[in-house]
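The block underneath contains the structure these notes are about, expressed in structure tokens.
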Amino acid sequence: MPVKKKKTAKKKTAKKKTAKKKTAKKKAVKKKPAQSRLRLWLMYPPKHITSPVIYELVTRFGLLVNLRQAEVRDEIGIVCLELEGPRDELKKATRWLERKDIKVEPVEFNVIES
């Protein structure tokens, strides 16, 4: 009986090795685009103050958003965002914001640390 146990153990390890090779090949094929980070100031006109613009950035362009600073009043909304995602999606997102009449400017200094 001990001989049979050794044979089945060898078969199991052989199956595990082939399974690992297959998953390694699949992982090598899938490459994510290079991630970039962008810090922006957004100035909202009054018509967009109550709109879910940041939510739309996340859902439309698949970006990670970090809200760094915000001030919203009746006449204007000013938001500092850190966006992270593929470079082409970041470009599309900034163009989309500008088409919605939201003024977009790069952050010149670190808002939190300075």
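What pairs come up if the first residue lies in segment 52-76 and is among the basic types (Lys, Arg), the second is at pLDDT below 90, and their beta carbons are under 6 Å apart, counting only those six or more places apart or on different chains?
68/111
For residue 57, which of the numbered conditions (1) touching a Leu at 6+ places or on another chain (Cβ under 8 Å); (2) part of a strand (DSSP E or B); (3) surrounded by 12 or more Cβ atoms within 10 Å (Cβ to Cβ) fails to hold?
(2)
Restricting attention to segment 73-94, and to residues there that are more than 15 Å from residue 40 (Cα to Cα) and either of a type in the set (S, T, N, Q) or open to solvent by 50 Å² or more (accessible area, probe 1.4 Å) (or both), which single residue is modelled with the lowest pLDDT? Break it down stepwise before answering.
Taking segment 73-94 and keeping what is more than 15 Å from residue 40 (Cα to Cα), we get 73-76, 86, 88.
Subset that is either of a type in the set (S, T, N, Q) or open to solvent by 50 Å² or more (accessible area, probe 1.4 Å) (or both): 73-76, 88.
Values: 73: 89, 74: 85, 75: 88, 76: 90, 88: 94.
Filtering first and then ranking leaves 74.
So residue 68 passes all but one of these: (1) among the charged types (D, E, K, R); (2) open to solvent by less than 60 Å² (accessible area, probe 1.4 Å); (3) at pLDDT below 90. Which condition number does it fail?
(3)
The values are calculated or read from the model by the stated rules, or taken from the named source; none is laboratory data. Predicted model, so just to flag it, every value in this text is computed and none were measured. Cβ coordinates were reconstructed from backbone atoms using ideal geometry, including for glycine residues, and neighbour counts include every protein chain displayed. We work out accessible area using only protein heavy atoms, side chains counted, and drop any ligands, DNA or RNA first. Shrake-Rupley method; radii C 1.70, N 1.55, O 1.52, S 1.80 Å.
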